[in-house]
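A short write-up of the structure that comes next.
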Amino acid sequence: MSRSPLIAVAVTTALLAAVLTSQPAAADPAPRITRAGLDPALVTGRGADVPFVEQEAENAVFTGEQLGPGREAYTLPAEASGRTAVRLQPKQYVEFTLTQPANAFTLRYSIPDAPAGGGITAPLDVSVNGKHRRTMTLTSQYAWLYGMYPFSNDPNVDPIPGWWKPEPDPVAKPFRPNHFYDEQRVLLDRTYQAGSRIRFAVPRTTAAAWTVLDVADFELVKAPLKQPVRSLDVRLFGADPTGRRDAAPAIERAIAAAQKLGWSVFIPAGTFQVNRHIVVDRVTIRGAGNWWTIIKGKVLPLAEPAPDKSVHSAPGFYGKYTGSTNVHLSDFAIESDVRERIDTDQVNGIGGAIGGGSTIENLYLHHTKVGIWLDGPMDGLLIRNNVITDAIADGINLHLGVSNVRATNNFVRNSGDDGLAMWSESNADGLVNHDNVYDHNTVQTPVLANNIAIYGGRDNAVTDNLVADPIREGSTLHAGSRFNATPFEGTLTFARNTTVRGGPRDLNWNIGLGAIWLYALQSTMSATIEITDSSFLDSTYNAMMFVVDWPVKDDYAITGVTVRDIKVDGTGTNVVNARVGGWATFENVDARNVGAPFVNNCGTFHFNGPPEFDVRLLGGNDGGWTGATWCEDRPAVVPPPPPSPWN
C-alpha cells in the first residue's frame, strides 16, 4: 500500500563498504540449522513448517569477510537474515555441510548494481564434495532501489522536494540504496546425503566487485506429481512446456473445457510463458509441484491503461472483481519480472476476489509486485503452504471487505512492504475486514514496513507466527489506525507469536519502535486488543510501543489493551514505551536483559501531571517493573546478549 516518503539518513556506497568488517570464521564449524537466525529450540511451535532447512553463511566455513552484524537501514547487514552475511572476493567461497539429504537449494545473495542502475550478472561456481557441478548466474536486476517512496531503479535519483530530511543538502548519491538481496533456486543433479559439502565459490573472473552470500535453504524435492484423474492437461490445448510460445490462450482454453466437464486443469512439469492475467472462477488448477511447473513471464507495457489503472501486464491468476468462488490453485510457481514499484499496476501473482471455499496452496511466488493481493468483497478462502519471496511490495494483503480468510504455514522473505497485511480500507459500501486469521507463518526481512500489520477491521487474529528482522518504517507486529482504515472493532488478537530482532529505529521520528507497536494516527483505538502468550526476543529498542503522532496527540488514544503471559528476552531500551494517552494492563510479563527502565511513559507530552498513559500492573510481572521513568525521549541503547532458553 502507499507509504509516506522516507525521512532517513542517506547511506553512500562508501558507507556500505565500511560496514563490511573482517571477522574470520572458526575452522570447520559443525553444521548449524537455524530459523530466523536462531537456534530452532528458541522458536519451537512458531512459524511455518517448511520443507527446507536454513543455514546461515556466517555459520559455515568461509574464506571471505563477515558482514555485520548491523541493524542500521540502508546497509547490507541490516537486510541480511540474522543481520549478518559473508562477503566474497574472487577465488573465495562459503561451504555448507548438509544436515540431511538434499537435491536442491535456494541461495540468498547480493551483488552490486550497474553504475547507472538496472543490475548486472555475475557467475558463482557450485561444487559438491570437491567436484564442480554447475555455474550459477547471479543477477542484481531485481534488487537495488533508491530514493523515496515509491522508489526508483536510478542510483542518481534526487530526493522529493519539500520533504524534511536529516541529510545534508545536497545529499550524497546514491540516495538511500535499499532492497539489496535476491534469491535463486537450483535443482542439483542428484540427491546428496547428510555430511556432503556444498561450496559456493566466486570464480577468478567476475563482473561483480563483491558477492555477498546470506543464507542457503537446502531441500529434498520430491518427484513431479502425476496428472490427477478427471483432469485436462494444458498441452492438449496447445500449451508449450518449453516456454518459447505464449501459453496463456491454451491455459484459458483448458479452463473453459474443464468448467464445462466439471474436471480440473493440470499443468505438467515445464516452463509455460504467461505475460498477463488468467481469470479463474469455479476451477481447479494444479501443477506438478512448484519446483517443476513454472509459470514465467515478462512485465509488458499496455497499449492504454486498463480499467484498474494498470499500465503494465504480468503473469498472474486473478479472480473476478465481482467475486470468484470454488477456485483451487496449487503446486506451481510464478516467476514474474517486476523490477520497480508502480502502485497502480496489478502485476501481482494472485489477485482479484477469490472466496467461496477456495484454496491457494503450495505455490512459489517470486519477483511479483505483491505475492497475493485480494480485493473484496470476498468471503471464505484458505491460503497455505506457500513461499513468497523478493516481492517489490507486500507478501500478502487482504484488502477492502475480506472475511473468513485463513493464511497459514506460509513463508515470506524480502518483501518490499508489509510481509502480511490486512487492510480494512474505509469505503462507501461499509465493507469491513473481519474474522480473518494469520497463523503459523514465518515472515523475515521485510525491507519496508512490518512483518505482519493489521489496519482496522473487526475480530481478526495473528497467532503462532515467527517474525524477524524488519528494516525500516515498521516492525515485527503492528496494529494501526492508518491508511484510511475502518476503526478497530470487536477483538484483535495477537497470541503465541515470537518476534526476533524487532523494534528498529523509526527513521521519520528518529526513535525506536516496539517489536509490537500500536499506532493511533487517524482514530482512537478502543477495541479490545489482546497480546498474549508471546515471546519478544532481542528487540533493538522496545518490546512494546503505544504511540500517537504529534499533530493528533490530544485527539486520539489507545485503550483496552491486555498484555498477558509474555516473555521479553533482550531490549536495547525499554519493555514498554508509551507515547499516547490511554491504558493497558500487564500480567505475568517476565523480562530480562533490558537496557533501560522497564517503562518509559511519555504519554502525550504535557508534563503537567501524571503521564496520560496508565500502565496498569496486575500480578506476576517479574523483573524491574518498579522505578518507571517519567519520560526519556530517546534513551541510550544497550545491546542485549543473544536470546537463550528460559529456565
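The values are calculated or read from the model by the stated rules, or taken from the named source; none is laboratory data. Given the structure is predicted, the values throughout are model-derived calculations rather than measurements. Please note: Cβ atoms are built from the backbone with ideal geometry, for glycine as well, and neighbour counts cover all protein chains shown. Accessible surface areas use protein heavy atoms only, side chains included; no ligands, DNA or RNA. Shrake-Rupley method; radii C 1.70, N 1.55, O 1.52, S 1.80 Å.
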I516 open to solvent by less than 10 Å² (accessible area, probe 1.4 Å) and under 16 Å from N542 (Cβ atoms) | yes
For region 424-443, enumerate the residues that are small (G, A, S) and buried (at least 20 other Cβ atoms within 10 Å of the Cβ).
-> S424
One residue from A449, A421, A453 being within 21 Å of H367 (Cβ to Cβ), assigned to a strand (DSSP E or B), open to solvent by less than 10 Å² (accessible area, probe 1.4 Å) and outside the structural domain of A85 (by the TED database) | A421
Scan region 389-418 for residues that are part of a strand (DSSP E or B), open to solvent by 10 Å² or more (accessible area, probe 1.4 Å) and among the hydrophobic types (A, V, I, L, M, F, W, C) and report the count.
-> 0
Meets criteria (part of a strand (DSSP E or B) and farther than 20 Å from D417 by Cβ) for L492 | yes
Looking only at strands (runs of 3 or more DSSP E) that fall completely inside region 319-388, which ones have 1 or more residues that are open to solvent by 10 Å² or more (accessible area, probe 1.4 Å)?
-> 328-330, 333-335, 358-361, 372-375, 378-384
Elements of type strands (runs of 3 or more DSSP E) in region 558-647, at least 3 residues being polar (S, T, N, Q) and under 32 Å from the mean Cα position of the chain (by Cα) = 581-594
Kindly check whether there is at least one residue in region 334-345 that is closer than 20 Å to A407 by Cα and touching a Phe, Trp or Tyr at 6+ places or on another chain (Cβ under 9 Å).
-> yes
Residue hits (region 296-343; touching a residue at least 40 places away in the same chain (Cβ under 8 Å) and among the acidic types (D, E)) are D331, E335, D337, E340, D343
Count, please, the residues in region 224-245 that happen to be open to solvent by 70 Å² or more (accessible area, probe 1.4 Å) and in a loop (DSSP other than H, G, I, E, B).
-> 4
Test T491 against the stated conditions and say whether it is open to solvent by 10 Å² or more (accessible area, probe 1.4 Å) and either closer than 20 Å to N348 by Cα or free of Cβ contacts under 8 Å to residues at least 60 places away in the same chain (or both).
-> yes
(1) among the aromatic types (F, W, Y); (2) open to solvent by less than 20 Å² (accessible area, probe 1.4 Å); (3) more than 26 Å from the chain's Cα centre (by Cα): which one isn't true of Y74, the others all being true?
-> (3)
Looking at this structure, is G82 out of contact with any Lys or Arg (no Cβ under 6 Å at 6 or more places or on another chain), in a helix (DSSP H, G or I) and either open to solvent by 40 Å² or more (accessible area, probe 1.4 Å) or assigned by the TED database to the domain that holds V186 (or both)?
-> yes
Within the bounds of region 19-42, is there any residue that is of a type in the set (S, T, Y) and modelled with pLDDT under 95?
-> yes
Of all residues in region 193-206, how many are assigned to a strand (DSSP E or B) and open to solvent by less than 50 Å² (accessible area, probe 1.4 Å)?
-> 3
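For (1) at positive phi; (2) open to solvent by 20 Å² or more (accessible area, probe 1.4 Å); (3) at pLDDT below 95, each residue gets a yes or a no:
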{"position": "R176", "(1), (2), (3)": "yes, no, yes"}
{"position": "T191", "(1), (2), (3)": "no, yes, no"}
{"position": "K222", "(1), (2), (3)": "no, yes, no"}
{"position": "A247", "(1), (2), (3)": "no, no, no"}
Within region 379-391, work out how many residues are touching a residue at least 60 places away in the same chain (Cβ under 8 Å) and touching a Gly at 6+ places or on another chain (Cβ under 8 Å).
-> 0
Would you check if there is a residue in region 576-590 being open to solvent by 60 Å² or more (accessible area, probe 1.4 Å), assigned by the TED database to the domain that holds F536, touching a Phe, Trp or Tyr at 6+ places or on another chain (Cβ under 8 Å) and not aliphatic (A, V, I, L, M)?
-> yes
Could you run through region 593-647 and say how many residues are among the β-branched types (V, I, T), out of contact with any Phe, Trp or Tyr (no Cβ under 9 Å at 6 or more places or on another chain) and open to solvent by 60 Å² or more (accessible area, probe 1.4 Å)?
-> 1
Are any of the residues in region 61-71 more than 20 Å from the chain's Cα centre (by Cα), among the hydrophobic types (A, V, I, L, M, F, W, C) and open to solvent by 40 Å² or more (accessible area, probe 1.4 Å)?
-> no
Provide a single number: the residues in region 107-147 that are hydroxyl-bearing (S, T, Y) and open to solvent by 10 Å² or more (accessible area, probe 1.4 Å).
-> 6
Breaking point among (1) under 30 Å from the mean Cα position of the chain (by Cα); (2) buried (at least 23 other Cβ atoms within 10 Å of the Cβ); (3) over 26 Å from D439 (Cβ atoms); (4) aromatic (F, W, Y), for W550 = (2)
Within the bounds of region 507-530, is there any residue that is within 20 Å of the chain's Cα centre (by Cα) and modelled with pLDDT under 95?
-> yes
